[in-house]
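Data block below; observations after.
Bear in mind that the values in this text are calculations on the coordinates, not laboratory data. Note that the coordinates shown come from a computational prediction; the quantities given were computed from them, not determined experimentally. A quick note on method: Cβ atoms are made from the backbone with ideal geometry, for glycine too, and the neighbour counts reach across all protein chains shown.
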Amino acid sequence: MILSAIAAMRKHRSKADFKGRRYEAVLIVQAVSWYLRYPLKYRDIEELFLERGLKVGHSTLKRWVLAYAPLIEKRLLQFRQPHCGSVRIDETYIKVRDGWRYLYRAVDKHGNPVDFLLTADRDLDAARRSFRKMLADEPLLAPDRIGTDGAGPYPRAIAESRQAGLLPRTPIHYVTEHLQQGIDSDHFRVKRSMPRVGGLRSFNTARRAIQGFEAMLWLRKGFGFVGAWTVREQNQLLAIRFGLPQANKG
């Protein structure tokens, strides 16, 4: 009875999520996941659909990504694992049409995602905001060890987070390039699917798309699930979270 109620609720939510769309929800989620998972342009996906006899314009695909990339992040958020207490924070460059922007990212020492924030500048205010976003919702999971690359704003941002009550105790702050190599590799994993020619088209486009790129990286890492975790299982989880029928279950 309970499982049937959950299935019915998800099916109802799926209808609401895709209300007014011309194409089936399964097709939309597939297209958005392709864009977020692989280094494909909108016109590449347009051609893939044409091969299957489906005419979906690249502008339509862009609208789907902007609408559903943040929703994929929201649907997968509950599966993220608590971090181990040792967090590494770093920023990387993201090309946006009108210039370079900065993506602040935090992962724990095992590579589990903690949080991320896209900012226009790389300064103390941006560091403060990244800590606030990381800590405000889950202060009980505040890290006791924080690693950075030695950028000047971080010590003050950590101190101010402690004063604001976002950190229940002062964490150990260590600076080492060796330990930061792990997060540098993680930057590459999330950026390799992003558009390389021309970059993302605007700050708002970049922010919404990056929510999806990050969520797809969570999905690929598997949330600590045991056993096989292929693209098939990843797609099945996406289908479940959107209340959609699962393809190729046999």
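Relative to the longest principal axis of the Cα atoms of the chain, helix 124-136 runs at roughly 70 degrees. With the charge dipole of the chain set up from +1 on Lys and Arg Cβ and -1 on Asp and Glu Cβ about the Cα centre, the Cα lying farthest toward the positive end among the listed residues L237, V26, G182 is that of V26. Note on the chain: dipole from Cβ charges, positive end direction compared against M134, G99, H58; the farthest Cα belongs to H58. Calculated [222 nm] ellipticity per residue, helices only, for the chain: -16500 deg cm²/dmol; basis is -39500 (n - 2.57) per DSSP H run with n ≥ 4, divided by all residues, nearest 500.
Taking the Cα centre of segment 166-243 as reference, the dipole from Cβ charges on Lys and Arg (+1) and Asp and Glu (-1) amounts to some 320 debye. For the chain, the residue among I158, F79, A120 whose Cα projects farthest onto the positive side of the dipole built from Cβ charges is F79. Annotation: average projected area of segment 86-191 is 6.3 square nanometres, based on the convex hull of Cα atoms across all directions. Just grab the label-to-label distance for D144 and Y174, each label 7 Å out from Cα along the Cβ direction, in nm (one decimal). Each label point lies 7 Å from its Cα, and together they span 1.4 nm. Can you give the Kirkwood hydrodynamic radius of the chain from its Cα pairs, in Å with one decimal? That comes to 19.5 Å for the chain.
With neighbours defined as other Cβ atoms within 10 Å of a residue's Cβ, the residues E233, E214, E24 order from fewest to most as E24, E233, E214. Placing dummy labels 7 Å off each Cα toward the beta-carbon, the span from A67 to R192 is 3.1 nm. Placing a label point 7 Å from the Cα of Q234 along the Cα-to-Cβ direction, the residues of segment 93-134 whose backbone N falls under 20 Å of that point are 106-108, 110-116. For the pair R97 and K74 in one chain, pulling the backbone fully straight at 0.36 nm per residue adds 5.7 nm over the alpha carbon distance. Considering only alpha-carbon pairs that sit under 8 angstrom and 6 or more positions apart, the relative contact order computed for the chain is 25 percent. When +1 charges are put on Lys and Arg Cβ atoms and -1 charges on Asp and Glu Cβ atoms, the dipole computed for the chain relative to its Cα centre reaches about 1000 debye.
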